[in-house]
Amino acid sequence: QYKPKKEDKFTFGLWTVNNPGRDPFGDAVRSPMSPVKIVQKLSELGAYGVNLHDNDLVPFGASAQERDRIVKEFKQALSDYDMAFPMATTNLFFHPIFKDGAFTSVNPEVRAFALKKTMASIDLGAELGATIYDFWGGREGVDSEASKDPVVAIERMRYAINFLCQYAIDKGYNMRFVLEPKPNEPRSDTYFPTIGHMLGFIYTLDHPDMVGLNPEVAHEYMSGLNFVHGVAQAIEAGKLFHIDLNDQKGPRYDQDFRFGSENIKNLFFLVKLLEDRGYDGPRHFDAHAYRTEDEEGVWDFAAGCMRTYNIFKEKAKLYNADPELQALLQEINAGDQTYGGLLTNGYSTEAANKLKEAEFDIDALAKRGYKYEKLDQLAVEVILGIR
Ligand code: GCO
Ligand code: MN
Ligand code: MN
Ligand code: MN
């Protein structure tokens with residue numbers, strides 16, 4: 001019942017299951033698997049597709065022949081194992097050339113190289129069939145505030161995104177861009193730290209229609225924010241083109257834990273939101289196995305992400321069908337219809353006058369109990385599986 005199926009649209013980045021478990025205090029604990037093997041194994045587990053950074057597949061600095069050979073082999077694997085390729089992105093953070101950022105670096109040669117590398121990576125994504133292209137800020141930020149003018153940094157980011165949108169249009173690619181906010185790490189402060197900052201930025205671009213969001217669970221938790229509310233705002237604005245699912249313990253360093261391993265209640269409401277609102281993009285897991293794991297643990301991790309999503313999805317159905325819970329919700333939301341039209345039909349002089357003349361029973365309104373304790377307990381019992 002919870003077994004992942006292609007229709008569930010679960011995707012993983014090559015970098016997620018291939019995470020070597022390196023951290024600032026310790027070296028790699030797992031050796032890399034070949035992209036072809038990853039495609040095969042994820043397909044067997046029930047995933048729908050894979051995503052990648054250019055250099056997850058083609059090593060930095062590879063020759064044109066080497067690139068073409070690798071891409072051909074990878075395309076064959078996608079077709080052999082019936083795997084989709086929805087999203088691609090650029091690695092603009094690993095090589096030391098990017099230590100001061102890419103599109104916002106103070107060094108114009110680095111900014112130019114970042115555009116060149118991204119155009120090549122967009123070509124790669126298009127060749128593999130990606131319709132979504134992701135921009136995560138990586139090292140686009142500062143450690144010292146003295147190092148950059150923060151207004152100029154925003155202008156530089158806008159220049160790059162506008163340039164690349166026009167490139168994709170020029171090439172005739174069927175591609176939308178997604179911007180992925182993160183507050184810090186690897187820099188101590190990243191530009192465009194939250195969903196809200198990124199959403200505001202999109203409307204200042206030359207092609208706001210082709211640009212949406214790729215919010216990540218852990219990144220909003222790192223700012224102490226409610227991820228469900230951020231995603232709701234993206235959905236309401238028609239800007240949720242993609243999503244990075246994982247988990248996180250509190251506002252600390254970025255942990256990228258298995259989906260649903262920590263914030264069970266909030267992530268239940270996330271899945272309920274995505275499913276109730278008919279989100280039809282990929283459910284992408286940007287997470288990795290604990291550093292303690294070997295290869296078997298990596299596949300346990302991947303299977304667990306998908307299984308937990310499907311359990312939440314099933315629980316959301318139970319929640320929506322629970323008679324007691326739904327009756328209570330209806331009662332809570334019913335209220336007095338007297339002012340109904342005045343609260344939905346918008347402004348008119350007549351409506352304004354009616355509202356000015358209306359009498360309110362202030363004491364009664366102030367005394368009302370909202371029954372949220374009862375409601376929340378029912379919700380918790382659905383999540384805990386006893387209803
Ligand atoms: C992170 C980011 C990345 C991006 C990925 C795709 O915190 O490391 O989430 O994993 O999602 O680089 O752009
Ligand atoms: Mn992350
Ligand atoms: Mn991410
Ligand atoms: Mn990540």
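These residues, Val382, Val29, go from largest to smallest accessible area, 1.4 Å probe, as Val29, Val382.
Taking every eigenvalue of the Cα gyration tensor of region 66-137, multiplying by 5 and rooting it, what semi-axes result, largest first, whole Å? Write down the numbers at each step before the final one.
On the way: eigenvalues 153, 30, 18 Å².
Working through the eigenvalues yields semi-axes of 28, 12, 10 Å.
Spatially, region 364-387 and region 193-208 are offset by 36 Å when compared through their Cα centroids. For region 192-275, the pair-distance distribution built from all alpha carbon pairs, in bins 5 Å wide starting at 0, is 3, 16, 27, 25, 16, 9, 4, 1 percent. Cross-link pairs exceeding 23 Å between alpha carbons, from the set Lys9/Lys317; Lys3/Lys72; Lys148/Lys182; Lys117/Lys239; Lys272/Lys371; Lys6/Lys171: Lys3/Lys72; Lys117/Lys239; Lys6/Lys171.
For region 1-107, state the average projected area of the convex hull of the C-alpha atoms over all orientations, rounded to one decimal in nm². Taking a quarter of the hull surface, the average projection is 9.0 nm². Which percent, nearest 5, of DSSP beta bridges in the chain are antiparallel? Expressed as a percentage, antiparallel bridges in the chain total about 15.
Each Lys and Arg contributes +1 and each Asp and Glu -1, all at the Cβ; summed about the Cα centre of region 236-387, the dipole is approximately 200 debye. In plain terms, the chain is cut at each of the chymotrypsin sites (Phe, Trp or Tyr not before Pro) found in a DSSP loop with at most 11 other Cβ atoms within 10 Å, and the longest leftover piece is 204-346. For region 59-184, the spherically averaged projection of the C-alpha convex hull amounts to 8.4 nm². Relative to the longest principal axis of the C-alpha atoms of the chain, give the angle of the C-alpha long axis of helix 150-170, reported between 0 and 90° and rounded to the nearest 10°. Roughly 70 degrees between the two axes. In the assembled protein chains, Thr349 presents an accessible area of approximately 90 Å² (probe radius 1.4 Å). Here's how it looks for Asn214: its modeled amide H is under 5 Å from those of Leu179, Glu180, which are all 5 or more places away or on a different chain. Based on the Stokes-Einstein relation at 20 °C and a viscosity of 1.002 mPa s, and on the Kirkwood radius from alpha carbon pairs, the chain is assigned a translational diffusion coefficient of 93 µm²/s. Per-residue Karplus couplings for region 252-261, computed as 6.51 cos²θ - 1.76 cosθ + 1.60 with θ equal to phi - 60°, are listed in order as 10, 5, 6, 9, 6, 6, 3, 4, x, 8 Hz, Gly and Pro entered as x. Springs between Cα atoms under 10 Å define the GNM used for the chain, and in it the highest mean-square fluctuation of Ala64, Ala160, Ala126 occurs at Ala64. Amide H to amide H, with H built 1.01 Å from N, Arg176 comes under 5 Å of Ile132, Tyr133, counting only residues 5 or more places away or on other chains. Between Ile161, Met119, Ala130, the Cα set farthest toward the positive side of the dipole of region 116-188 (charges on each charged residue's Cβ, about the Cα centre) is that of Met119.
Loop-located trypsin sites (Lys or Arg not before Pro) in region 215-323 (DSSP state not H, G, I, E or B) with no more than 12 neighbouring Cβ atoms inside 10 Å: Arg252. Just read off the accessible area of Leu384 with the full protein assembly in place, 1.4 Å probe, to the nearest 10 Å². Probe radius 1.4 Å; accessible area of Leu384 about 130 Å². Dipole magnitude for the chain: about 400 debye, using +1 per Lys or Arg Cβ and -1 per Asp or Glu Cβ, origin at the Cα centre.
Where Rh denotes the Kirkwood radius from the mean inverse Cα pair distance, what is Rg over Rh for region 158-216? On the Cα set of region 158-216, Rg over Rh gives 1.01. Over all Cα atoms in region 103-172, the spread is summed up by Rg and Dmax: 13.3, 42 Å.
Calculate I(q)/I(0) for region 232-387 by the Debye formula, one identical point scatterer on each C-alpha and no solvent, and give its log10 at q = 0.17, 0.19, 0.21 Å⁻¹ to two decimals. Cα-only, vacuum Debye calculation for region 232-387: -1.10, -1.21, -1.32. Could you work out the pair-distance distribution P(r) of region 314-387 from its alpha-carbon pairs, with 10 angstrom bin width and percents rounded to whole numbers? Pairs per bin, as whole percents: 15, 34, 24, 20, 7, 0. Working note: Karplus 6.51/-1.76/1.60 with θ = phi - 60° gives region 40-48 the couplings 4, 5, 5, 4, 4, 6, x, 6, 8 Hz, where Gly and Pro are set to x.
When nucleic acids and ligands are ignored and a 1.4 Å probe is applied, Asp280 ends up with an accessible area of around 110 Å². In region 127-240, inverting the average of 1/r over every pair of distinct C-alpha atoms gives 14.7 Å as the Kirkwood radius.
The values are calculated or read from the model by the stated rules, or taken from the named source; none is laboratory data. As the structure is a prediction and not an experimental result, all values here were calculated from the model. Every residue, glycine as well, gets a Cβ built from its backbone with ideal geometry; the counts of neighbours run over all protein chains shown. These area figures cover heavy atoms from the full protein model, side chains too; ligands, DNA and RNA do not enter into them. Shrake-Rupley method; radii C 1.70, N 1.55, O 1.52, S 1.80 Å.
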